[in-house]
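Shown next, in structure tokens, is the structure this report addresses.
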Amino acid sequence: MKKITRIGLDLAKNVFQIHAVNQQGEVVVRKTIKRNKLLEYFAQCDPCLVGMEACAGAHYWARELRVLGHDVRLIAAQFVRPYRKSGKNDANDAEAICEAVSRPSMRFVAVKTAEQQSILSIHRSRTLLISERTALVNHLRGLLTEFGIVLPQGTASVRRELPWILEDAENGLPHLAREVFSDIRERLKRLDDSIVKYDKWIKQLAHEDELAQRVMKLGGIGPITATAIIATIGDASTFNNGRQFAAWLGLTPRQNSSGGKNRLGSISKRGDTYLRTLLIHGSRSVLLQTANRSDSISQWAEAIKNRRNNNIAAVALAAKNARIIWAMLTHRTEYKLAV
């Protein structure tokens, strides 16, 4: 059999598709393989280039195949799509991955370690708890409205007002409804306690991570943002420059340029929504203080805020922070505030 030099692997839960070619680009293997046989198959192959889409389970398989000596590259799904020749199925996907991974200009996703994925699991779980709490608060406010009790928006107002509502014997609430709302109050407290626990974990992780401590010196960056960025991007040098990192986060303008005319629109909102949201919210907090500061970044942000509006200034500052973070992580430098 001709030697395999490149493999496109289409991942799934139980059945995987393999498309392998030799040095001349000739198809050597095109087959499906079950999950429990995948590592056994690759252990029998000579070390080669393996391409996979950056999807669920990809980082795990990349780590396992690297242990076997293979050069594993992860590709974002949108960069694989142009190489698919016809209809979407596992075989065509594997062939497209095999072709895409051979392109010299292809951009790859850094393989995350198990520790990085553990940190991100904390962030994802915390986000889920917050969304559950928000849904529970909205559910409670809607139910109370049916009994003529209208609460202001926000979790804090519900925490403040709900005990008084349950203790008020003259507000017309039936006994059964009080029992239901009391149970919801307990559920809300359990969610609050869980979120506080996750926050403590994140602060502890940030305290123990030298890179996170360095990044948190930047305005608007706290333990949550710092640990999330470091765990998500892994090796910052996979980005050629800070602008590419900001573009990956979706913080740069969408272009529709042609014929030498540059037309820039709103931000692209590509990439990781969670990181982009954290950076923009952090920038909003910084903008509250820029009018009273004299450093160059504050003056620059204040000028944008006065010339355009707060939202545009927040996104611009978030993009600048993203570039600074890339430079700090890539060159291992400390943040110095320019005066």
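The set of residues from region 56-87 being within 25 Å of the chain's Cα centre (by Cα), assigned to a loop (DSSP other than H, G, I, E, B) and either surrounded by 16 or more Cβ atoms within 10 Å (Cβ to Cβ) or assigned by TED's automatic domain parsing to the domain that holds G271 (or both) comprises just one member, A76. Scan region 209-251 residue by residue and report those that are farther than 18 Å from D199 by Cα and surrounded by fewer than 18 Cβ atoms within 10 Å (Cβ to Cβ). Those that are farther than 18 Å from D199 by Cα and surrounded by fewer than 18 Cβ atoms within 10 Å (Cβ to Cβ): E210, L211, K217, G234, D235, S237, T238, N240, N241, R243, Q244.
Here is a yes/no grid of residues against (1) over 30 Å from E161 (Cα atoms); (2) in a helix (DSSP H, G or I):
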{"residue": "K189", "(1), (2)": "no, yes"}
{"residue": "I195", "(1), (2)": "no, yes"}
{"residue": "H207", "(1), (2)": "yes, yes"}
{"residue": "Q213", "(1), (2)": "yes, yes"}
{"residue": "G220", "(1), (2)": "yes, no"}
{"residue": "I230", "(1), (2)": "yes, yes"}
{"residue": "A246", "(1), (2)": "yes, yes"}
{"residue": "R270", "(1), (2)": "yes, no"}
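Criterion first (touching a Leu at 6+ places or on another chain (Cβ under 8 Å) and among the hydrophobic types (A, V, I, L, M, F, W, C)) does L205 satisfy it? In short, no.
Considering (1) within 22 Å of G271 (Cβ to Cβ); (2) out of contact with any strand residue (DSSP E or B) (no Cβ under 9 Å at 6 or more places or on another chain), the lone condition that V315 does not fulfil carries the number (2). With respect to being free of Cβ contacts under 8 Å to residues at least 40 places away in the same chain and either of a type in the set (S, T, Y) or under 21 Å from M328 (Cα atoms) (or both), P223 fits the description. Within region 154-172, the set of residues being in a helix (DSSP H, G or I) and loosely packed, with under 10 Cβ neighbours inside 10 Å comprises W164, E167. Restricting to region 232-244, name every residue that is among the charged types (D, E, K, R) and assigned to a helix (DSSP H, G or I). Passing the criteria: only R243.
Listed by first and then second residue, the pairs linking a residue in region 243-270 that is within 19 Å of K320 (Cα to Cα) to a residue that is among the basic types (K, R) and assigned to a loop (DSSP other than H, G, I, E, B), with Cβ atoms under 7 Å apart and 6 or more places separating them unless they lie on different chains, are G250/K269; G250/R270; Q255/R263.
Of the residues screened, D90 is not one that is surrounded by 20 or more Cβ atoms within 10 Å (Cβ to Cβ) and touching a residue at least 60 places away in the same chain (Cβ under 8 Å). Any residue at all in region 308-317 that is in contact with a helix residue (DSSP H, G or I) (Cβ under 7 Å, 6 or more places away or on another chain), in contact (Cβ under 8 Å) with a residue 24 or more places away in the chain, of a type outside the set (A, V, I, L, M, F, W, C) and in a helix (DSSP H, G or I)? Checked against the condition, which is being in contact with a helix residue (DSSP H, G or I) (Cβ under 7 Å, 6 or more places away or on another chain), in contact (Cβ under 8 Å) with a residue 24 or more places away in the chain, of a type outside the set (A, V, I, L, M, F, W, C) and in a helix (DSSP H, G or I), region 308-317 yields at least one hit.
Restricting attention to region 94-116, the residues that are part of a loop (DSSP other than H, G, I, E, B), within 27 Å of I230 (Cα to Cα) and not small (G, A, S) total 8.
Selection of region 117-153 for residues being of a type outside the set (S, T, N, Q) and not in a helix (DSSP H, G or I) yields E146, F147, G148, I149, V150, L151, P152. Would region 38-48 turn up any residue that is at positive phi and at pLDDT below 95? Scanning region 38-48 turns up no residue that is at positive phi and at pLDDT below 95.
The values are calculated or read from the model by the stated rules, or taken from the named source; none is laboratory data. Quick caveat: nothing in here was measured; it's all calculated off a predicted structure. Here the Cβ is made from the backbone with ideal geometry for all residues, glycine too, and neighbour counts use every protein chain on show.
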